[in-house]
Each structure stands twice: as structure tokens, then as C-alpha cells.
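Below is one structure, written out as C-alpha cells, with a few remarks after it.
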Amino acid sequence: MVIDDLKNTWKAAGESHKAQSELRLMTALKHNGRLKRIRRRLLIESILVFAFLSIFYTGLDGTDKPLWANVILVISGVLYIVNRLLGYSATINLIPDNDMLNMSKGLIKKLKKLSISSGMSALFFGAAVILFMTIEIVFDTQKYMMLGGLITTLLAFTFVSYSVWKQQIYRLQQIINQLSEDLQ
Amino acid sequence: MMEVFLALVDEHQNIIHKVSRMYRNTVEDQEDLFQDIVLQLWKAYPNFRAESKVSTWMYRIALNTAMALFRKKKPLVEFESELPETKDINKADEISEHEEKLFNALHQLTLAERAIISLYLEEYSYTEIADIIGISENYVGVRINRIKKRLKEILT
């Protein structure tokens, strides 16, 4: 195909048509498929965290633990959910009406901040749970091994979450490199 | 405001279809990206001052959305609905065959190259392309020549 053929093919492409009623639905956040999936995940996480926070005091001997351990656990759980909500809100307002190069640069800064706050809040909550469960426990070898397992799991989850953010940042960095490779 | 917006998107929706198809492999992902682009256009619409053409503004938002929203690459699996020998090759099939070839070739380019060449194929000027992408006009020219060469290699 010569370049004129490519132009003609490009211009003729994308002819499938969506009705205005369908387009109207797409302007609403509640109908967006990707955001729906994020909201569902957020809802499940929130229910689990708040269910845990509501039962830990009676179900997990919260009364026998020091007050500060209880307070740290509640604060870390709430912070985790607040952080997830902030992340969701940032996802909605992610794309500025800017040129591609500047959009990518701005987005990298935003994603780096989000990745740090997301990682820190998850780590803080995980550490608070482990601290709460293990405080005032007399450790033997088996319990040390269980503690080791819990810490390893927490670190593994944090690493997986960090990798997803890193991939996203790496992809944007690639775009910047592709656009500026000859300018360096 | 909504009615005017819908009329504009309706008129130029082929831009969104093309960008979605150029940046996503599966129909499901293309549909998700289409929805995201419409949503981002609607959010950006109150700030649209009509200093640029509607289509330029739509391309800018559509391309930025495709770049910004991360999607893990899924393997593309396609099934033929008919056996090759029973296929009736008519004009429409020919057009769709050309389209298929073009989009397959575009998928082999880098993300930035796809954006630049799509604007070139849409016959935007180097100034407009430079403005949407954020690089100099001279560099647009250099990049387009390279991408054309690469496309030629892919398509032959």
C-alpha cells in the first residue's frame, strides 16, 4: 500500500456508529466499565477493612491489648481506605487537556506520588494488623515462623502493588523517551 | 450543553473508534477505551474554547486517554466465522482487509509513533501535529519520514 492508500484506508476506518443515547450514558461515571470495576474492588476492600475493624475489639481480644495498639489499628485502617478513595478520585481526573509530552510528564509525577502514598498506607495497615495480633504474645519458634510468614506475605503484596504502579510509570516514561530520543 | 456536546461527539466519533482500535487489541478493551475517551471529553468540554478545531481537540484528548490509561497487553485471538473458500470477497471485504492490514501494521509501531502517524494520515499539518504531541515541527517531519519507512517495511 502506498501512503495515499494508507490515508484513504485510515479516513474510511472507524465507521461503526454509536447512538447518541449510548454516548450520553458514557458521560456518566456510574456507567463507565473500568471505573465500575475499580469501584467494586474498592467497595469489597472497604467492607472487609471495616468488618475487620468492627470485630477486632471483641473478636480478637482488643480489650486485652494496649489502647495505643487499638488506636493505631483503627487509624491505619481508615487511612488505607481514605487513600484508596483518593486514588479513585485521581483516576477520574487523570487526563489534562495538554499536549502529549507534557501530559505524560505531569502524569508521571502524579503517579509517583500516588504509588508512594498507596504503598505506605497498605504497609502501615499491614504492619498495624501484625503488631496488633502479636503484641503481648510470648513467642516460641513456631510463632516466630508464623510472624515471618505474615511479614513475608505483607512485603510480597506491597511488592506486587508497587510493580503495577512501576509498570504504568515505566510505560509513560517510554512514551517520553520515544518523543524526545533525538532531542537529548 | 449536553446536547451540543453529544452532537459534536456523534459527528466525530470515528476518531474515537480509530484511536481505540489503534491502542487496544481486543474488542472488550476497545469498548472500555471508547467509554473512557467519551468520559474524558465530557469532563474537558467546559474548558473547550473552540480556539482549535473540534477534531483536533478530540484527537488530543483521545490520544492522551489512550496513553494515560494503563492496560496489560492481552494476546489477540480471532476466529474466522467462515471457511476461507466459502468467503464471498466483495468490495466491503476488500476495504476491511485493507483496514485490518493497516491496524496490524500500526500495532507494530511504538505508542508515540502510532499517535504521530495517525495525525499524519488524517492530514493534519506539521504545526497541528507538533501542537498535539508537544514536539517541534522539524522533529515531526523527521519522525514522520522514519515512521513511513518503517510502515513500508512492515507492509511489504
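Longer than 24 Å from Cα to Cα, which of A:K110/A:K166; A:K105/B:K149; A:K109/A:K166 are they? Say none if no pair is. Long pairs (Cα-Cα over 24 Å): A:K105/B:K149. In degrees between 0 and 90, to the nearest 10, how far off the longest principal axis of chain A does helix A:33-59 point, with axes built from Cα atoms? That works out to roughly 10 degrees. Only one residue of B:I132, B:V27, A:I137 has its Cα farthest out toward the positive end of the dipole of the protein assembly as shown, where Lys and Arg carry +1 and Asp and Glu -1 on Cβ, and that residue is A:I137. Orientation-averaged projection of the range B:95-156 equals 4.1 nm² [convex hull of Cα atoms, one quarter of hull surface area]. In Å², nearest 100, what accessible area do chains A and B bury in total when the solvent probe is 1.4 Å? Summed over both sides, the interface buries about 5400 Å².
Suppose R0 equals 41 Å. What FRET efficiency, 1/(1 + (r/R0)^6) with r the Cβ-Cβ distance, do A:E136 and A:A12 give to the nearest 0.05? After rounding, the FRET efficiency stands at 0.05. Taking the Cα centre of the range B:1-75 as reference, the dipole from Cβ charges on Lys and Arg (+1) and Asp and Glu (-1) amounts to some 440 debye.
When you restrict to C-alpha pairs under 8 Å that are six or more residues apart and normalise by the size of chain A, the relative contact order lands at 23 percent.
Available extension along the chain between A:T158 and A:I38 is 41.4 nm, counting 0.36 nm per residue and deducting the alpha carbon span.
For the range A:32-51, accessible area lost to neighbouring protein chains reaches 40 Å² or more, against the chain alone with a 1.4 Å probe, at A:N32, A:R34, A:R37. Tell me the GluC sites (Glu not before Pro) within the range A:1-63 that lie in a loop according to DSSP and have at most 12 other beta-carbon atoms within 10 Å. When the GluC sites (Glu not before Pro) of the range A:1-63 are filtered for loop state and at most 12 Cβ neighbours within 10 Å, A:E15 remain.
Could you tell me the calculated FRET efficiency between A:L48 and A:N98, based on Cβ-Cβ distance and R0 = 35 angstrom, to the nearest 0.05? Rounded to the nearest 0.05, the efficiency is 0.40.
Dipole size of the range A:1-90 about its Cα centre, with +1 on Lys/Arg Cβ and -1 on Asp/Glu Cβ: approximately 280 debye, rounded to the nearest 20. Helix content alone sets the calculated 222 nm mean residue ellipticity of chain A: runs of n ≥ 4 DSSP H residues at -39500 (n - 2.57) each, divided across all residues, give -28000 deg cm²/dmol. Of interest is the spacing of the C-alpha centroids, which for the range A:123-176 and the range B:122-156 amounts to 45 Å. Computed from Cα positions, the angle between helix A:100-134 and the longest principal axis of chain A comes to roughly 20 degrees. The charge dipole of chain A, taken about its Cα centre with unit charges on the Cβ atoms of Lys, Arg (+1), Asp and Glu (-1) only, comes to about 460 debye. To the nearest ten degrees, helix A:3-12 and the longest principal axis of the Cα atoms of chain A are 60 degrees apart.
Estimated from the Cβ-Cβ distance and a Förster radius of 22 angstrom, the FRET efficiency linking A:D4 and B:T127 is about 0.50.
The values are calculated or read from the model by the stated rules, or taken from the named source; none is laboratory data. For clarity, every value in this text was computed on a predicted model and none was experimentally measured. All Cβ positions, glycine included, derive from the backbone under ideal geometry; neighbour counts span all protein chains shown. These area figures cover heavy atoms from the full protein model, side chains too; ligands, DNA and RNA do not enter into them. Shrake-Rupley method; radii C 1.70, N 1.55, O 1.52, S 1.80 Å.
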